[in-house]
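Visitor: This is the structure, below, for whatever I ask next.
The values are calculated or read from the model by the stated rules, or taken from the named source; none is laboratory data. What you are looking at is a predicted structure, and each value in this text was computed from that prediction instead of being measured. Here the Cβ positions follow ideal geometry from the backbone for every residue, glycine too, while neighbour counts run over all protein chains shown. The accessibility values were calculated without ligands, DNA or RNA, using every heavy atom of the protein model including side chains. Shrake-Rupley method; radii C 1.70, N 1.55, O 1.52, S 1.80 Å.
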Amino acid sequence: MTQAPTPTADTVRRLVRSLLGAAAEGDVRPAASGAAPATWWVGTRHVLRLAPDREAALRQRRELRLRELVRAHVPVTVPTSVAHGEWAPGLTYTLDAKVAGGSGEDHDVSALGEADLAALLTGLREVSVRQAETLGVPRAAPRPLEALRQSAERAGRHLAEADEFDPARPERLTGAAAAQLGVQPGAAPVLVHHGLTGEHLVVAVDGRVRGVLGWGDAVLGDPAEDIAALALCVGSPAAVRAATLAGYGARPCLRGLWLARCDALVHLADALAGRPSAPAGTPLSALRTRLRRAWDPV
């Protein structure tokens, strides 16, 4: 199998000049550290994303089509592609206009921002499942909560031994609660962003949510996954308030809450133990913050 080429700053400069010509401004720099970065800042107004392999290229093509479908349903900014094509044989790129605002990792979401998140969740539910499937968005089965609960219990014991978590909290997820919060048979799937992390939320200094990035992992499935992601990002109380404003009832809200709490326990325990299943590149400080936010009392 032919090895994919490694993108360099020169590769990016040549590509940007071919796309923007005289309009190209500023320097190019990787958005994150790594031997072969896939995302590059281009001046102050653009971001270039390079698919590093064929699977990523397939997701990127699907993402470009999905963003156009979603744009009509959500009130926040969805990235716009200024140009797209192939940067190497079979490997795609998209040059996107940068969405104005800061990262959700650096700015807190205000009460008005929670309303923005509620409108986002509402818009995702309104997207036609049939249209999304036509674009190639895959279906994802709901995660079994009992298996996750057992993993989280083990993780909680390890974290308690490391003085990272109090196992005597009153919010413990029991087997009976896990059974009650299972997805009901026949529940209709919705479009799930599946990555509503701080790095994908664009937040203004006033706490309003101005944009949502990272649509490449979207699926058709359990809306509680997006509620869970928001609980890890903005805290459980804000996530539940936003989901309730979006019209979700107690079951999906509580299910999302427990998905977040179980994930937070497992991810931190895996990271402390050096297991490869731990979230790659996420600092321990960030995992501890997510654990605290997920377990904030509602």
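Visitor: Looking at the chain, which longest stretch skips every one of the GluC sites (Glu not before Pro) that is in a DSSP loop with at most 15 other Cβ atoms within 10 Å, leaving the sites themselves out? Before the final figure, lay out each step's value.
Guide: Values: sites that count: 25, 105, 171.
Maximal segment without exposed cleavage sites: 172-298.
Visitor: Which whole-number value in Å² is the accessible area per residue of region 46-148, probe 1.4 Å?
Guide: Values: 4990 Å² over 103 residues.
That works out to 48 Å² for each residue.
Visitor: With no solvent and one equal point scatterer placed on each C-alpha of the chain, evaluate the Debye formula and give log10 I(q)/I(0) for q = 0.09, 0.13 Å⁻¹, two decimals.
Guide: So the normalised log intensities are -0.48, -0.98.
Visitor: Where in the chain are the DSSP H helices whose C-alpha atoms run 27 Å or more along the long axis and whose mean Kyte hydropathy is at least 0.0?
Guide: On the way: long enough: 250-273 (34 Å, 0.67).
Sorted by number, the helices that extend far enough and score high enough are 250-273.
Visitor: In whole percent, and with a 1.4 Å probe on the protein chains, what portion of the accessible area of region 13-170 is carbon and sulfur?
Guide: Working: 4460 of 8570 Å².
C and S fraction of accessible area: 52 percent.
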